[in-house]
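Report on one structure; see the data block that follows.
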Amino acid sequence: MGIVARKEKQKQEIRSLILEASMKLFVEEGFSKVSVRKIAERIQYSPTTLYLYFKDKNEILFHCCESGFEKMLSQNIALTLISDPIERLHQMGVNYLNFGLENPEYYDLMFIQDAPMCALHDMGKGWSSGDQALEALKMVVHEAMQKGLLVSTKVETVAMAVWGMVHGLVSLAIRQRLDKLVPAEDMEQTMHDSLDWLLKTMKKA
């Protein structure tokens with residue numbers, strides 16, 4: 001490996017280290033209580049070093065969320081191989097549930113905390129990654145309606161119903177609100193069963 005390639009590899013490793021430490025701190029302490037200095041202390045670098053990679057704390061938070069969306073969306077790449085839109089919709093929901101359960105820190109930042117939306121507003125950015133995920137869901141719902149597989153209604157209504165259910169289930173699970181209601185060993189299956197039930201009720205007879 002040449003000097004340039006080695007330097008670039010080191011740069012990417014430090015960037016990833018900053019994002020990983022930042023994400024943990026944002027979840028542990030809340031965005032407002034975390035400073036660039038505190039992030040730097042966590043990874044034993046100077047604050048000056050962090051500013052070589054990111055403009056400010058808002059930008060760090062933005063890239064933490066973007067990294068999460070990349071992980072989530074990458075799970076759906078194989079969905080293009082599923083021709084049946086209902087089956088594709090089901091698998092999309094399963095992927096969402098699995099992502100949230102397997103990546104609670106990312107999920108907390110992306111969909112529960114207020115901080116990312118405030119940071120996006122301050123940066124003059126929109127929620128493009130979230131919008132992209134929602135549009136993918138709406139496209140599948142629209143296709144299912146076009147093929148007469150779902151009861152015809154507003155696409156947004158069905159998309160919100162599906163997203164609202166899976167988001168609610170993941171949020172309750174990662175905040176330990178279901179621990180006393182559902183045994184740990186049954187948690188994932190119960191959530192999948194709930195998704196199955198919802199989709200069955202929406203299918204056109």
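For the reader, a short list of remarks on this structure follows.
- Of the residues examined, Ser32 is not one that is in contact with a helix residue (DSSP H, G or I) (Cβ under 9 Å, 6 or more places away or on another chain), among the hydroxyl-bearing types (Ser, Thr, Tyr), under 17 Å from Ala115 (Cβ atoms) and at pLDDT 90 or above.
- Residues (at pLDDT 90 or above, in a helix (DSSP H, G or I) and β-branched (Val, Ile, Thr)) located in segment 61-93: Ile86
- Subset of segment 1-39 [within 25 Å of the chain's Cα centre (by Cα) and aliphatic (A, V, I, L, M)]: Ile14, Leu17, Ile18, Leu19, Ala21, Met23, Leu25, Val27, Val34, Val36, Ile39
- Residue pairs meeting the criteria (Cβ under 8 Å; at least 6 apart or on separate chains; first basic (Lys, Arg), in segment 77-89; second surrounded by 13 or more Cβ atoms within 10 Å (Cβ to Cβ) and part of a helix (DSSP H, G or I)): Arg88/Leu79; Arg88/Val140
- Checking each residue in segment 70-90 for being surrounded by fewer than 18 Cβ atoms within 10 Å (Cβ to Cβ) and closer than 23 Å to Ala173 by Cα picks out Glu70, Lys71, Leu73, Ser74, Gln75.
- Within the set Val158, Val182, Val166, Val170, the sole residue that is more than 21 Å from the chain's Cα centre (by Cα) and of a type outside the set (Lys, Arg) turns out to be Val182.
The values are calculated or read from the model by the stated rules, or taken from the named source; none is laboratory data. Quantities reported herein were computed from a predicted structural model and do not represent experimental measurements. Cβ coordinates were reconstructed from backbone atoms using ideal geometry, including for glycine residues, and neighbour counts include every protein chain displayed.
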